[in-house]
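In what follows, a single structure is set out as structure tokens and then discussed.
The values are calculated or read from the model by the stated rules, or taken from the named source; none is laboratory data. Please read these numbers as outputs of a predicted model, since none were measured by experiment. Positions of Cβ are generated from backbone atoms using ideal geometry, with glycine treated the same way; all protein chains shown enter the neighbour counts. Heads up: the accessible areas ignore ligands, DNA and RNA and are worked out on the full protein's heavy atoms, side chains in. Shrake-Rupley method; radii C 1.70, N 1.55, O 1.52, S 1.80 Å.
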Amino acid sequence: MDSGPIGDHGFLADGRTAVLVDRAGSVNWWCPLRFDGPSVFGRLLDDDAGHWSIQPADHFTSERSYLDDTLVLRTIFTTRQGSVAVTDALALEPGARGHEIGLRSPRVLGRVVEGLSGEVPVRLDYRPRFEYGRVTAYLTGHEGVVHATAGGCQLSLRADVPLECGRGDATATFTVRAGQTYRFTLGHAPTYDADPPALPDADRVVADAVAGWRSWADLHADQYRGLFRDEVRHSALILQGMTYRPSSAIVAAATTSLPEEPGGDRNYDYRYVWVRDFSLTLQALWRAACPDEANRQFTWVARAMGRIGDEPVPIMYGVQGERDLTEHPLDHLSGYADSRPVFVGNDAWRQRQSDVLGEILDAAWLMRHYLDPMMPDVRQLLRDLADQAARNWQRPDAGMWEARDAERHYVSSKVQCWTALDRAVRFGPRLGDQTDVARWAAARDEIREAVLTQGWHERLGAYTGAFGSDNLDASVLLMPLVGFLPADDPRMRSTVRVIERELSHEGLLRRWDGDPAGFVICSFWLVSCLALAGEVDRAHHMFGRLAARVNDLGLFAEQIDPRTGEQLGNFPQAFSHIGLINAAGRLTEAARRRDAAGQPRHPVPAGTERTEGARS
């Protein structure tokens with residue numbers, strides 16, 4: 001038995017890490033120390049890398065949902081003999097509420113099994129495998145608790161049923177009758193210099209998690225009042241679940257090495273924090289959460305960067321601001337759907353990506369009122385970033401898609417250097433004197449002229465991915481989103497049409513010709529561009545179809561196969577949920593402008609969103 005499709009998984013979180021559990025009640029991923037720590041359950045990447053399943057012993061069907069406004073998962077299994085429910089939650093600190101949730105979570109997973117009808121035989125299979133499946137621990141039972149210790153890791157499982165310990169696993173079969181409840185609590189702790197794992201009652205784990213998540217949701221209930229409110233509210237909750245609360249850093253995804261294409265080799269570790277995502281993340285939190293969440297994000301990035309010179313600005317970090325994320329393969333793992341290699345670490349940390357300069361300064365401009373008075377270290381950071389944009393914008397880089405073959409003059413990188421300088425000029429004397437501002441303005445204008453002349457491809461009728469290239473790239477859709485060009489500019493309109501015609505299929509937009517699947521955030525960028533250009537009804541229709549492509553728990557991966565609907569890439573993907581929130585916000589603003597101007601609404605012809613013609 002393997003872990004099943006990527007999109008079959010639910011997502012649990014506690015402010016430090018995540019659990020992925022599938023429709024069959026199997027926990028297939030947990031790195032209990034922190035998001036980017038070693039796994040103790042890794043079946044997602046190899047059947048022998050550990051799991052913990054609780055499921056009916058006979059044939060079953062399952063339905064599942066989150067308890068309202070929480071990341072607590074309830075799965076109902078139905079068999080010929082009856083039905084049972086399994087409720088899963090990662091523990092929050094008892095009593096933690098609102099912005100305090102996740103700060104001191106105890107690294108505990110609680111599971112509660114309830115009999116709903118009839119009598120259902122249930123099987124439990126517990127197979128911990130430490131350090132990404134490298135280590136099989138000895139299991140010993142004592143007073144109803146099974147202990148597993150190896151190296152620097154210890155797990156303790158307390159169960160309401162007797163567990164039979166074998167060679168590295170523990171099993172049980174028990175019958176659950178209507179009205180009966182069985183509780184299971186799994187705690188993690190380091191082997192040395194720490195107390196034994198905490199083992200609170202599983203009912204208490206669930207109750208505290210429900211109360212904690214709902215208290216956070218209640219704080220932000222009225223923050224967003226626009227279109228697709230339920231989808232935006234849920235995506236904001238997912239982003240909070242992907243936040244490492246001790247530092248407030250949001251990881252790109254909860255997993256490593258889930259492939260962009262099954263059997264492919266583009267399998268990277270996404271359990272880190274990308275500056276690339278920064279301004280888009282802040283916009284999303286600004287719309288859907290509250291300024292406090294966005295403010296914590298900005299504080300984190302300022303601390304992580306420290307003082308910078310002329311060296312490339314680090315484009316990604318560990319959750320506590322670590323810079324060295326050296327990549328290495330885990331050769332003992334077969335990978336999801338035999339997709340090798342499996343990686344820990346990500347060598348993109350070494351790259352020059354000039355777009356990050358604009359993303360940080362854009363975020364600072366968004367939060368300018370909260371940065372007044374501006375702290376000296378923040379002012380110096382922003383000045384240094386603007387200076388680097390002015391000095392280095394003509395250099396090639398790896399681009400926002402992190403090309404590993406060669407550096408190029410990517411249009412999106414030039415545009416984001418323009419963004420950095422444009423925001424620095426807007427800050428004016430808050431960042432620099434008249435000479436500084438004049439120098440930044442001159443460089444900004446040079447970049448604009450270069451992009452308008454060297455980025456435009458007359459034959460294609462579009463801005464392309466890089467200077468001198470005829471390859472289309474969805475990243476140029478950022479141009480109107482950062483204010484470089486109006487969305488209704490004739491060349492921008494033409495670019496959007498060409499990109500949609502050539503790279504879109506069933507409303508899912510690939511990043512480039514040959515990209516194996518639709519990239520979710522690019523698809524939402526297309527929605528935003530259409531809305532900003534005045535095509536509000538078509539954008540609204542396209543958004544609805546995209547938002548419906550989540551799995552049954554409202555979760556997006558990084559990419560989606562437009563033909564099968566299969567979720568691909570690391571999961572869940574923060575970038576995708578950020579795209580949903582920001583597109584909903586822009587769509588709301590565009591609809592309000594249209595309605596205020598008294599412009600007519602236009603029905604969307606059937607099939608409009610089904611733009612075919614991709615060259616793959």
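Quickly work out the ARG545-to-ASP433 label distance, labels modelled 7 Å from Cα along the C-beta direction, and quote it in nm with one decimal.
Distance between label points: 5.7 nm.
Using only alpha carbons, build the gyration tensor for the stretch 441-596 and give me the equivalent ellipsoid semi-axes, biggest first, whole Å. Before the final figure, lay out each step's value.
Details: eigenvalues 135, 74, 37 Å².
Semi-axes (√(5λ), whole Å): 26, 19, 14.
Sticking with the crude label model, points 7 Å out along Cα→Cβ, report the distance from CYS165 to ASP68 in nm, one decimal please.
So the two model labels end up 4.4 nm from each other.
Relative contact order for the stretch 287-373 using alpha-carbon pairs under 8 Å, separation at least 6, rounded to a whole percent?
Once divided by the residue count of the stretch 287-373, the mean separation gives 27 percent.
Considering the stretch 126-244, what Rg and Dmax in Å follow from its alpha-carbon atoms?
For the stretch 126-244, the Cα-based Rg and Dmax read 19.1, 55 Å.
Roughly speaking, what is the stretch gain from ALA178 to TYR138, that is 0.36 nm per residue apart minus the C-alpha to C-alpha distance, in nm to one decimal?
Details: separation 40, 0.36 × 40 = 14.40 nm, distance 3.52 nm.
Here the segment from ALA178 to TYR138 would lengthen by 10.9 nm.
Normalised radius of gyration for the chain, please: alpha carbon Rg relative to 2.2 N^0.38 Å, two decimal places. Walk me through the intermediate numbers first.
On the way: Rg = 24.8 Å, N = 616, 2.2 N^0.38 = 25.3 Å.
For the chain, the normalised Cα radius of gyration comes out at 0.98.
For the chain, with all protein chains present and a 1.4 Å probe, just round the carbon and sulfur fraction of the accessible area to a whole percent. Before the final figure, lay out each step's value.
Numbers: 10820 of 22720 Å².
Carbon and sulfur: 48 percent of the exposed surface of the chain.
Using only Cα atoms, find the angle between the long axis of helix 278-288 and the longest principal axis of the chain, and express it within 0 to 90 degrees, rounded to the nearest 10.
Once rounded, one gets 70 degrees.
Give the dimensionless ratio obtained when the Cα radius of gyration of the stretch 87-158 is divided by 2.2 N^0.38 Å.
Details: Rg = 15.8 Å, N = 72, 2.2 N^0.38 = 11.2 Å.
Here the answer is 1.42, to two decimals.
With r as the distance between the Cβ atoms of ASP2 and ARG563 and R0 = 30 Å, compute the FRET efficiency 1/(1 + (r/R0)^6) and round to 0.05.
On the way: r = 22 Å, r/R0 = 0.74.
My answer for the efficiency is 0.85.
Based on Cβ point charges of +1 for Lys and Arg and -1 for Asp and Glu, what charge dipole magnitude is obtained for the chain about its Cα centre, in debye rounded to the nearest 20? Walk me through the numbers on the way to the answer.
Values: 68 positive and 84 negative charges, 242 e Å.
Dipole of the chain, to the nearest 20 debye: 1160 debye.
When Lys and Arg each count +1 and Asp and Glu each count -1, what net charge do the other residues less than 14 Å away from ASP433, Cβ to Cβ, add up to? Numbers along the way, then the final one.
On the way: positive: ARG379, ARG383, ARG430, ARG439; negative: ASP387, ASP436.
Once positives and negatives cancel, what remains is +2.
Using Cα centres only, tell me the gap between the stretch 475-525 and the stretch 316-364 in whole Å.
Answer, in whole Å: 25.
How high is the relative contact order of the stretch 75-219? Use alpha-carbon pairs under 8 Å, at least six apart in sequence, and give a whole percent.
Details: 339 pairs, mean separation 43.8, N = 145.
Relative CO of the stretch 75-219 lands at 30 percent.
Post the alpha-carbon centroid distance, the stretch 43-57 to the stretch 149-224, in whole angstrom.
Using only Cα atoms, the two centres lie 16 Å from each other.
With only alpha-carbon atoms in the gyration tensor, what are the semi-axes of the equivalent ellipsoid for the stretch 369-461, in Å, largest first?
28, 16, 11
When ranked by the protection proxy of mean other Cβ atoms within 10 Å per residue, highest first, what sequence do the peptides 583-591, 324-332 form?
Working: 583-591: 23.1, 324-332: 14.0.
Going from most to least packed, we get 583-591, 324-332.
Say the dipole of the chain comes from +1 at the beta carbon of Lys and Arg and -1 at that of Asp and Glu; which of ALA406, ASN267, SER576 then lies farthest toward its positive end?
SER576
Quick one: compute the contact order of the chain, relative version, from alpha carbon pairs under 8 angstrom and 6+ residues apart, as a percent.
That works out to 12 percent.
On a 0 to 90° scale, report how tilted helix 411-427 is relative to the longest principal axis of the chain, with both axes built from alpha carbons and the result rounded to the nearest 10.
Tilt relative to the chain: about 80 degrees.
Please pull out the direction-averaged projected area of the stretch 67-117, using the convex hull of its alpha-carbon atoms, in nm² to one decimal place.
If I average the Cα hull's projected area over directions, I get 4.2 nm².
Cα centroids of the stretch 58-97 and the stretch 280-310: how far apart, whole angstrom?
34
If I stretch the segment between ARG404 and ASP58 completely, what's the gain in nm (0.36 nm per residue apart, minus their alpha carbon distance), one decimal?
Values: separation 346, 0.36 × 346 = 124.56 nm, distance 4.83 nm.
Using 0.36 nm per residue and subtracting the Cα-Cα distance, I get 119.7 nm.
Would you work out which of GLY151, PRO196, LEU163 lies farthest towards the positive end of the dipole of the stretch 144-202, given +1 charges on the beta-carbon of Lys and Arg and -1 on that of Asp and Glu, about the Cα centre?
LEU163
Considering the dipole of the chain built from charges on the beta carbon (Lys and Arg +1, Asp and Glu -1) around the Cα centre, which of VAL112, ALA597, ASN28 is farthest to its positive end?
ALA597
At 1.4 Å probe radius, can you tell me the per residue accessible area of the chain in Å²?
Details: 22720 Å² over 616 residues.
Normalised by residue count, the accessible surface of the chain is 37 Å².
What number in nm² do you get for the stretch 1-94 if you take the convex hull of its Cα atoms and divide its surface by four?
Details: hull surface 26.8 nm².
The orientation-averaged projected area of the Cα hull of the stretch 1-94 comes to 6.7 nm².
Using only Cα atoms, find the angle between the long axis of helix 434-454 and the longest principal axis of the chain, and express it within 0 to 90 degrees, rounded to the nearest 10.
Roughly 90 degrees between the two axes.
Where nothing but the Cβ of Lys and Arg (+1) and of Asp and Glu (-1) is charged, how large is the charge dipole of the stretch 458-583 around its Cα centre, in debye to the nearest 20?
That gives the stretch 458-583 a dipole magnitude of about 140 debye.
Report the FRET efficiency, 1/(1 + (r/R0)^6), for GLU100 and ARG459, where r is their Cβ-Cβ distance and R0 is 45 Å, rounded to 0.05. Don't jump to the answer; show the numbers that get you there.
Numbers: r = 58 Å, r/R0 = 1.28.
The computed FRET efficiency comes out at 0.20.
Would you compute, from DSSP H runs of 4+ residues alone, the mean residue ellipticity of the chain at 222 nm, taking -39500 (n - 2.57) per run and dividing by the full residue count, rounded to the nearest 500?
Details: 14 runs with 194 residues, N = 616.
The helix contribution divided over the chain gives -10000 deg cm²/dmol.
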